[in-house]
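Notes to accompany the following structure.
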């Protein structure tokens with residue numbers, strides 16, 4: 001049986017985790033470049049945890065410049081098994097008010113300037129994203145949120161936009177009324193897809209800060225109001241994380257949904273035609289199937 005190792009990717013407003021024992025910032029090199037920052041590694045209730053600030057400490061990366069491949073590789077390279085991805089988002093639903101958390105389970109990806117796969121010419125692979133998040137991990141996160149009294153919604157579709165600008169009113173109405181999305185953000189894709197390629201269980205927690213621009217009573221997105229909401233959301237997120245080790249436990253069985261075996265049938269390139277240079281870069285992400 002494997003050891004549970006929780007990776008937390010902190011979004012806007014979440015730059016640290018309280019209460020880690022033996023905590024130390026570690027530099028993790030990857031073949032895909034440097035991650036967003038060092039990783040804070042320690043233990044919480046006996047369970048290993050690695051924290052990575054998605055935008056870097058001090059918020060230095062835009063949504064488009066976050067090194068998504070390096071971030072996921074660094075977590076996998078450390079031995080992380082389960083990834084909790086925290087991010088700020090706008091809401092398209094009246095009932096998903098600022099301060100609510102949404103456990104996203106579907107995505108529409110409208111980003112255009114990001115590398116979206118570890119694989120490519122010389123080693124082609126196709127993983128299924130029909131169900132891009134892990135229900136087992138979401139069960140634990142939902143239980144933790146409810147135990148902390150956090151308003152939480154299980155399930156929802158996340159519209160990933162490129163940014164860094166917020167939506168126009170026309171875009172906001174399109175995403176809400178025509179595409180039927182529930183929340184909007186700038187960072188969960190290609191992060192979720194890369195986590196699946198790396199065979200990591202992945203659960204996104206979208207923390208609602210605003211109503212985007214569709215809501216007739218709230219007007220345009222106001223960054224000052226967002227920052228104020230972020231502060232409260234960040235504390236809720238930290239309290240949620242503190243609950244997770246007790247719910248997941250130190251011992252980890254294989255994922256019942258197959259997240260940790262996503263590459264079993266994914267590789268298409270014949271072994272003798274695979275590019276050795278690309279294989280070397282895939283040592284952490286796909287080492288299980290590449291042998």
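Give segment 160-180 a look and list any residue that's surrounded by fewer than 18 Cβ atoms within 10 Å (Cβ to Cβ) and farther than 17 Å from residue 112 by Cβ, or say none. Residues satisfying the conditions are 169, 170, 173, 177, 178, 180. Just a yes or no: is a residue in segment 250-267 more than 20 Å from residue 133 (Cβ to Cβ), touching a residue at least 24 places away in the same chain (Cβ under 8 Å) and out of contact with any strand residue (DSSP E or B) (no Cβ under 9 Å at 6 or more places or on another chain)? Among the residues of segment 250-267, not one is more than 20 Å from residue 133 (Cβ to Cβ), touching a residue at least 24 places away in the same chain (Cβ under 8 Å) and out of contact with any strand residue (DSSP E or B) (no Cβ under 9 Å at 6 or more places or on another chain), which makes the answer no.
Condition check ((1) assigned to a loop (DSSP other than H, G, I, E, B); (2) closer than 27 Å to residue 114 by Cβ; (3) modelled with pLDDT under 95; (4) in contact with a strand residue (DSSP E or B) (Cβ under 8 Å, 6 or more places away or on another chain)) across all residues:
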| residue | (1), (2), (3), (4) |
| --- | --- |
| 22 | no, no, yes, yes |
| 32 | yes, yes, no, no |
| 37 | yes, yes, no, yes |
| 52 | no, yes, no, yes |
| 58 | yes, yes, yes, no |
| 61 | yes, yes, no, no |
| 66 | yes, yes, no, no |
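Checked against the criterion of being at pLDDT 95 or above, under 17 Å from the mean Cα position of the chain (by Cα) and either more than 19 Å from residue 260 (Cα to Cα) or surrounded by fewer than 16 Cβ atoms within 10 Å (Cβ to Cβ) (or both), segment 195-204 has no qualifying residue. Apart from one condition, residue 86 fits all of (1) over 27 Å from residue 255 (Cα atoms); (2) surrounded by 20 or more Cβ atoms within 10 Å (Cβ to Cβ); (3) touching a helix residue (DSSP H, G or I) at 6+ places or on another chain (Cβ under 6 Å); the exception is (1). Total residues in segment 68-80 satisfying the condition of being surrounded by 23 or more Cβ atoms within 10 Å (Cβ to Cβ) and either part of a helix (DSSP H, G or I) or modelled with pLDDT under 95 (or both): the figure is 8. In the condition set (1) surrounded by fewer than 24 Cβ atoms within 10 Å (Cβ to Cβ); (2) at pLDDT 95 or above; (3) in a loop (DSSP other than H, G, I, E, B), residue 15 is compliant with all but (2).
Checked against (1) in contact with a helix residue (DSSP H, G or I) (Cβ under 7 Å, 6 or more places away or on another chain); (2) closer than 30 Å to residue 284 by Cβ, residue 137 passes all but condition (1). Residues in segment 123-175 that are in a helix (DSSP H, G or I) and over 28 Å from residue 81 (Cβ atoms): 169, 170, 171, 172, 173, 174, 175.
In the condition set (1) buried (at least 20 other Cβ atoms within 10 Å of the Cβ); (2) farther than 24 Å from residue 65 by Cβ; (3) in contact with a helix residue (DSSP H, G or I) (Cβ under 6 Å, 6 or more places away or on another chain), residue 247 is compliant with all but (1).
Scanning segment 128-159 for residues that are closer than 19 Å to residue 266 by Cβ and surrounded by 19 or more Cβ atoms within 10 Å (Cβ to Cβ) turns up 132, 133, 134. The single condition among (1) touching a residue at least 60 places away in the same chain (Cβ under 8 Å); (2) out of contact with any helix residue (DSSP H, G or I) (no Cβ under 9 Å at 6 or more places or on another chain); (3) closer than 30 Å to residue 24 by Cβ that residue 156 does not satisfy is (3).
Would a scan of segment 103-117 turn up a residue that is crowded, with 16+ Cβ neighbours inside 10 Å, over 15 Å from residue 187 (Cα atoms) and under 19 Å from the mean Cα position of the chain (by Cα)? Checking segment 103-117: not a single residue is crowded, with 16+ Cβ neighbours inside 10 Å, over 15 Å from residue 187 (Cα atoms) and under 19 Å from the mean Cα position of the chain (by Cα). Right, residue 255: under 30 Å from residue 2 (Cα atoms), at pLDDT 95 or above and crowded, with 22+ Cβ neighbours inside 10 Å or not? Considered against the rule, which asks whether it is under 30 Å from residue 2 (Cα atoms), at pLDDT 95 or above and crowded, with 22+ Cβ neighbours inside 10 Å, residue 255 comes out as no. Can you confirm whether residue 97 is touching a strand residue (DSSP E or B) at 6+ places or on another chain (Cβ under 7 Å) and modelled with pLDDT under 95? Answer is yes for this residue.
The values are calculated or read from the model by the stated rules, or taken from the named source; none is laboratory data. The shown structure was predicted, so the numbers you read here are calculated from the model rather than taken from an experiment. Here Cβ is always computed from backbone atoms with ideal geometry, including for glycine, and neighbour counts include all displayed protein chains.
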